[in-house]
1. Select from the stretch 1-16 the residues that are assigned to a helix (DSSP H, G or I), among the aliphatic types (A, V, I, L, M) and touching a Phe, Trp or Tyr at 6+ places or on another chain (Cβ under 9 Å) and write down the one among them that is surrounded by the fewest Cβ atoms within 10 Å (Cβ to Cβ).
2. State which residue pairs qualify: first residue free of Cβ contacts under 8 Å to residues at least 24 places away in the same chain and inside the stretch 114-138, second residue of a type in the set (Ser, Thr, Tyr) in any location, beta carbons under 6 Å apart, and separation of 6 or more residues or different chains.
3. I'd like the residue in the stretch 167-180 that is open to solvent by 90 Å² or more (accessible area, probe 1.4 Å) and without any contact (Cβ under 8 Å) to a residue 24 or more places away in the chain and, out of all such residues, is farthest from the chain's Cα centre (by Cα).
4. Could you grab me the full set of residues in the stretch 97-106 that are open to solvent by 20 Å² or more (accessible area, probe 1.4 Å) and in a strand (DSSP E or B)?
5. Criterion first (within 14 Å of residue 43 (Cβ to Cβ) and small (Gly, Ala, Ser)) does residue 136 satisfy it?
6. Can you tell me which condition residue 168 does not meet? The list is (1) modelled with pLDDT of 95 or more; (2) closer than 18 Å to residue 37 by Cα, and all the others hold.
7. When you scan the stretch 80-96, do you find a residue that is part of a helix (DSSP H, G or I) and either open to solvent by 40 Å² or more (accessible area, probe 1.4 Å) or more than 19 Å from residue 4 (Cβ to Cβ) (or both), even just one?
8. Which one of these is of a type in the set (S, T, N, Q) and touching a Lys or Arg at 6+ places or on another chain (Cβ under 6 Å): 38, 21, 45, 17?
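The values are calculated or read from the model by the stated rules, or taken from the named source; none is laboratory data. Since this is a predicted model, take the numbers as computed values, not measurements. Methodologically, a virtual Cβ is constructed for each residue, glycine included, from the backbone with ideal geometry; neighbour enumeration extends over all protein chains shown. All accessible areas refer to the heavy atoms of the entire protein, side chains included, with ligands and DNA or RNA removed. Shrake-Rupley method; radii C 1.70, N 1.55, O 1.52, S 1.80 Å.
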Amino acid sequence: MTKTEIINKALTLIGASPVTSITDDTNNARIINRVYDSSLRSILSECLWNFAVKRRLLATSADTLQWYDTGVDVVYAKPTDCIRIFGTNDDDAIWKEEGDYILSDTAGLGVKYVYYLDTPSKYPASFVDAFVDRLAYDCSFMVTNSKQIAQTFFEKYERVSLPKARSENAQIGTQQYLKD
């Protein structure tokens, strides 16, 4: 699966002409080029996608803050490819994101996060289906000028393709349990 194949599947579903490349000098290519990155970032933030997970020990930042919250005195640089953090290597750590930083009370903090992965060949089929529906929703009104088509793809994304992709993603590996 390539980026162009994903784009053309979304365009075809909304009844629009396909593109040769996202950089074509056509209206459809310009529209899809505007929404592709934000649509991808949005769907990646929806779930702890197994294919887009990294674990990284954080590097402390040389920057200092004007003041610190009680107990929070370690400033880390947030990984530049980070979309959403889902956990840390220390269950008792207090941490939060502020801009480009992660503030914590814990030295040696590591994070488990979803990163920006723009390599469609690594996406599972159910994720591709959900991403296509997301793209179709995000560009449909601009391409077709139809609120009904946009609403249809929004509902399909929210009620069918995203839950299916998340469900399949959750079934990979040993079942994980919440800690009490």
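1. The qualifying residue surrounded by the fewest Cβ atoms within 10 Å (Cβ to Cβ) is 13.
2. Listed pairs, sorted by first residue: 137/157.
3. My answer is 180.
4. 97, 98, 101
5. Judged against the criteria, residue 136 is a match.
6. (2)
7. no
8. Just a single option satisfies the conditions, and that option is 45.
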